[in-house]
């Protein structure tokens, strides 16, 4: 009888603690997904934005959004707001696959059926090289991306959520400094004062001296067989996203700048393939109102200068701060700016 009472008491204490912990999770609501939790001043707190951004995508305080990978994460919504007269949230996620971007886009559009702007950052490694449509290399919570809020409750009782609850609790109580912005923006590169050109060049060239490779001339002309082999299975997802937007929405395909060391050499076969991908992306917008393609993924005054980049994939905050105004100029004038970007006519 003593042992029975002991185990009954132990079980009761364990269940009570579990219920108390779960109740605390529902109150703190670390991912801001529990619809009946108190309206606290929550911040995105997860290092994996796939858990934090669905709540931002549902936030009606925004009327415009940026989707993409880390190549567009440095676009500050506050600067975009001024340049484009909108209220932006930056929903770009590190290494976000086309599938993950499409899922986040779906959440945003369900809650913003008539967005003012949608900017799609076209990471050419993701959209022009990979043919993988549904792939999530990082943990991805599909239950956060549907409209069944009840099923969210089934996924909140686990060690990861408890850890994130602690982070959110620390932020709410002032014990932990906010790390991620409420508009999705985080300056994930070091401060400008810590910029080291030698280190940046080491990431770009390795042990080789800095160089700009010569242009291939005459340019390579792809054979019909080579062109036929260029498949872009991921483009169907982009077409579905664009097709779901109303004509009033200003739709922008943004090819962001990359350091020239990882761009195809102008005139090469790989350069022809990238140009083909851009043309196919532009064709998705053909005939659609308020559609634009702004191309920084070129050899330019931005991409040939080592000091404009932290590494081959990520430009400096100075360049990030100029891109919104360049976008505004491009969609107003529908013209190239020599040395900086090209405006590609959709279709």
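When Rg and the Kirkwood Rh are both derived from Cα coordinates, the Rg/Rh ratio for region 248-287 amounts to 1.07. Kirkwood's formula applied to the C-alpha pairs of region 301-347 gives a hydrodynamic radius of 11.7 angstrom.
DSSP bridge analysis restricted to the chain gives an antiparallel fraction near 25%, rounded to the nearest 5. Entry for region 75-149 at q = 0.22, 0.25 Å⁻¹: log10 I(q)/I(0) = -1.13, -1.25, Debye formula applied to identical alpha-carbon scatterers, no solvent contribution.
Using the per-residue mean of other Cβ atoms lying within 10 Å as a proxy for protection, in what order, highest first, do the peptides 14-21, 107-114 fall?
Those peptides, ordered most packed to least, come out 107-114, 14-21.
In terms of packing, defined here as the mean over residues of other Cβ atoms within 10 angstrom, the peptides 69-77, 164-172 line up highest first as 69-77, 164-172. Translational diffusion of region 1-112 was estimated from the Stokes-Einstein equation, with Rh taken as the Kirkwood radius over Cα pairs; at 37 °C and 0.692 mPa s the coefficient is 197 µm²/s.
Taking a quarter of the surface of the Cα convex hull of region 194-268 gives a mean projected area of 9.3 nm².
If you run the Gaussian network model on the chain, springs between alpha carbon atoms under 10 Å, then out of 295, 276, 147 the most flexible one is 147. Computed from the C-beta positions of residue 243 and residue 125, the FRET efficiency with R₀ = 22 Å rounds to 0.35.
If you wrap the tightest convex hull around every Cα atom of region 109-189 and split its volume per residue, you get 187 Å³. Once the Kirkwood radius over Cα pairs is known for region 245-347, the Stokes-Einstein relation at 10 °C and 1.306 mPa s delivers a diffusion coefficient of 111 µm²/s.
Note on residue 155 and residue 301: their simple-model spin labels are 4.7 nm apart, each label 7 Å out from Cα toward Cβ.
With the convex hull of its Cα atoms as the shape, the chain has an orientation-averaged projected area of 22.7 nm².
Relative to one another, the C-alpha centroids of region 230-273 and region 185-208 are positioned 26 Å apart. Specify the inter-centroid distance of region 96-133 and region 30-72, based on alpha-carbon positions, in whole Å. Value for the Cα centre distance between the two parts: 16 Å.
In region 130-283, Rg over Rh equals 1.06, where Rg is the alpha-carbon radius of gyration and Rh the Kirkwood radius from pairwise Cα distances.
We did not get these values from a lab; they are worked out from the coordinates using the rules stated. For clarity, every value in this text was computed on a predicted model and none was experimentally measured. Note that we place each Cβ from the backbone using ideal geometry, even for glycine, and neighbour counts take in every protein chain shown.
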